[in-house]
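Take a look at the structure below.
Every number here is computed from the coordinates shown, using simple stated rules; none is lab data. Because the structure is predicted, anything quoted here is derived from the model rather than measured. Note: ideal-geometry Cβ built from the backbone for every residue, glycine included; neighbour counts use all protein chains shown.
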Amino acid sequence: MSGISYDFSSLCEELGIQRGSWRMSFRLLAPLLSVFVRSCGPPNSTIRLGKAAVGRAVVIARQKMTEVEKAQKATREKDTIFDKIIRKEIPAKIIFEDDEVLAFHDVSPQAPVHFLVIPKRKVAMLQEAEDSDQALLGKLMLTAAKVARDLGLENGYRVVVNNGRDGCQSVFHLHLHILGGRQLGWPPG
């Protein structure tokens, strides 16, 4: 296989990952895009990757780290980006809307089909939902299923709720991510 030789230190440097976290960098890179690795092992061992695989893996690893960083820095804003979308103050590619929920395409899709479903009444986190929110939570799931069906995801899709800092929640307004249109890997994260 032709490719570029990278040692873990160089790869970490290119990704901006601090020294000593080579295991994390490799775990981020290896499964991302079926990156083919000839040899892997301790730090400073060499892996051979095609140029396109390196470039794409670097971009995706940076995106993943950026999402984690966003979640680590996220604050409970009174007015989130989703509140602005609900009020039509900023544009969104809306797929479905009624009095209770809104579904729209993600601005940074992680799959061929990636949309969000949000309640119009703000619930910051799933753990803060109350008994009185049961109907709304059910409506979110049913809306996700309806929109997924309308978008042709008959072969399946994934529903994700990022909850809290460790769950990578970067917007404190409950929302479902629906991802599909290709075979998804397991385990996620």
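List the pairs from 84/146; 88/122; 78/139; 93/120; 84/120; 122/146 whose alpha-carbon separation is above 19 Å, in the order I gave them.
On the way: 84/146 24 Å; 88/122 16 Å; 78/139 24 Å; 93/120 16 Å; 84/120 11 Å; 122/146 22 Å.
From 84/146; 88/122; 78/139; 93/120; 84/120; 122/146, over 19 Å: 84/146; 78/139; 122/146.
Counting only C-alpha contacts under 8 Å and six or more residues apart, can you give the relative contact order of segment 81-180 as a whole percent?
On the way: 142 pairs, mean separation 31.2, N = 100.
Computed value for segment 81-180: 31 percent relative contact order.
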Mind giving me the nanometre distance, one decimal, between the label points for residue 107 and residue 161, set 7 Å out from Cα along Cα→Cβ? 2.5
tail above 24 Å in the computed P(r) of segment 81-180, as % of all Cα-Cα pairs, reads 16
